[in-house]
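The values are calculated or read from the model by the stated rules, or taken from the named source; none is laboratory data. Here the structure is a predicted model, which is why all the values come from computation and not from measurement. Here the Cβ positions follow ideal geometry from the backbone for every residue, glycine too, while neighbour counts run over all protein chains shown. Ligands, DNA and RNA are excluded from the accessible area calculation, which covers all protein heavy atoms including side chains. Shrake-Rupley method; radii C 1.70, N 1.55, O 1.52, S 1.80 Å.
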Amino acid sequence: IVGSGGVLSHAPRRSQSMAMMIDAFQPEGITHLSVDSIFMMPHLGVLSAVHPRAATEVFDRDCMVYLGACVAPRGRAKEGSTVLEYEFDRGGQTVREKLLAGEIKFHPFGLGETAELRLTPARGMDVGAGPGRPFNGKIRGGVVGLVLDGRGRPLVLPEDEAVRKKKIVEWNRAMDLYPTY
């Protein structure tokens, strides 16, 4: 998914752009997200008609900001239950964790970093191979990293206002969306 527009291009933190895109587009399975650095794509489209090579060079060097990857199982599960077990190798270490329903997890993965993800969804959850079926996929890092989204698809916010506020604060902290002083 490539996001373009002033709000995404000028968000104070790139993690905020990524969070907006995840909430708006609700990607499923493994999805890589990028953003147009300064709302340059429409102008590069015009430039490409006159000078394709220059447009391509600017696009590659200055336009695209690779944010990272989002893993989001499709389906609904009871809050706090395991929706996904995942593992990947990084720096000679194997990371093995569980993602719970209603939870967001974040792992930093820089530009140029890659990893093979091994995903085992819970029964009824789908990450790309069908409900409950394991799936392996490769991710590329970015300026944000890897986000694992266990909130379910379609995304449904808690109805109770106090619970909803608590969950939104929890998700914001998980992705480090706002500075703490």
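Tell me whether the range 84-98 contains one or more residues that are in contact with a Cys (Cβ under 9 Å, 6 or more places away or on another chain), open to solvent by less than 70 Å² (accessible area, probe 1.4 Å) and without any contact (Cβ under 8 Å) to a residue 60 or more places away in the chain.
Checked the range 84-98: no residue is in contact with a Cys (Cβ under 9 Å, 6 or more places away or on another chain), open to solvent by less than 70 Å² (accessible area, probe 1.4 Å) and without any contact (Cβ under 8 Å) to a residue 60 or more places away in the chain.
Filtered by the rule that a residue be within 11 Å of ARG153 (Cα to Cα) and surrounded by fewer than 18 Cβ atoms within 10 Å (Cβ to Cβ), the range 15-28 gives ASP23, PHE25, GLN26. So which residues in the range 157-173 are under 23 Å from the mean Cα position of the chain (by Cα) and not polar (S, T, N, Q), if there are any at all? Within the range 157-173, LEU157, PRO158, ARG164, LYS165, LYS166, LYS167, ILE168, VAL169, GLU170, TRP171, ARG173 meet the criteria. Does LEU177 fit the bill of being within 17 Å of SER17 (Cα to Cα), surrounded by 13 or more Cβ atoms within 10 Å (Cβ to Cβ) and out of contact with any Ser or Thr (no Cβ under 8 Å at 6 or more places or on another chain)? So LEU177 does not fit the description; no.
What are the residue pairs meeting all of these: first residue in the range 149-163, first residue under 23 Å from SER15 (Cα atoms), second residue open to solvent by 70 Å² or more (accessible area, probe 1.4 Å) and assigned to a loop (DSSP other than H, G, I, E, B), Cβ atoms under 8 Å, and 6 or more apart or on different chains? Qualifying pairs under 8 Å: GLY152/ARG76; ARG153/GLU28; VAL156/ARG76.
Only a single item in (1) closer than 24 Å to VAL2 by Cα; (2) of a type outside the set (D, E, K, R); (3) surrounded by 14 or more Cβ atoms within 10 Å (Cβ to Cβ); (4) over 15 Å from the mean Cα position of the chain (by Cα) is not met by VAL50, and it is number (3).
Inside the range 144-174, residues that are in a loop (DSSP other than H, G, I, E, B), over 21 Å from ARG123 (Cα atoms) and out of contact with any Leu (no Cβ under 6 Å at 6 or more places or on another chain) make up a count of 4.
Of the candidates GLY80, GLY75, the single residue that is open to solvent by 20 Å² or more (accessible area, probe 1.4 Å), of a type outside the set (A, V, I, L, M) and on the phi > 0 side of the Ramachandran plot is GLY80. Among the candidates GLY110, GLY145, single out the residue that is under 17 Å from the mean Cα position of the chain (by Cα), small (Gly, Ala, Ser), open to solvent by 10 Å² or more (accessible area, probe 1.4 Å) and closer than 20 Å to ILE1 by Cα. Sole residue among the options that is under 17 Å from the mean Cα position of the chain (by Cα), small (Gly, Ala, Ser), open to solvent by 10 Å² or more (accessible area, probe 1.4 Å) and closer than 20 Å to ILE1 by Cα: GLY110. Among the residues of the range 55-67, none is identified as more than 18 Å from LEU111 (Cβ to Cβ) and either of a type in the set (Lys, Arg) or at pLDDT 95 or above (or both).
Just one of (1) among the aliphatic types (A, V, I, L, M); (2) surrounded by fewer than 14 Cβ atoms within 10 Å (Cβ to Cβ); (3) farther than 23 Å from ARG13 by Cβ fails for ALA55. It is (2). When we screen ALA115, ALA162, ALA122 for residues that are aliphatic (A, V, I, L, M), over 30 Å from MET64 (Cβ atoms) and open to solvent by less than 60 Å² (accessible area, probe 1.4 Å), the only hit is ALA122.
Scanning the range 116-143 for residues that are of a type in the set (Gly, Ala, Ser) and outside any strand (DSSP E or B) returns ALA122, GLY124, GLY128, ALA129, GLY130, GLY132, GLY141, GLY142.
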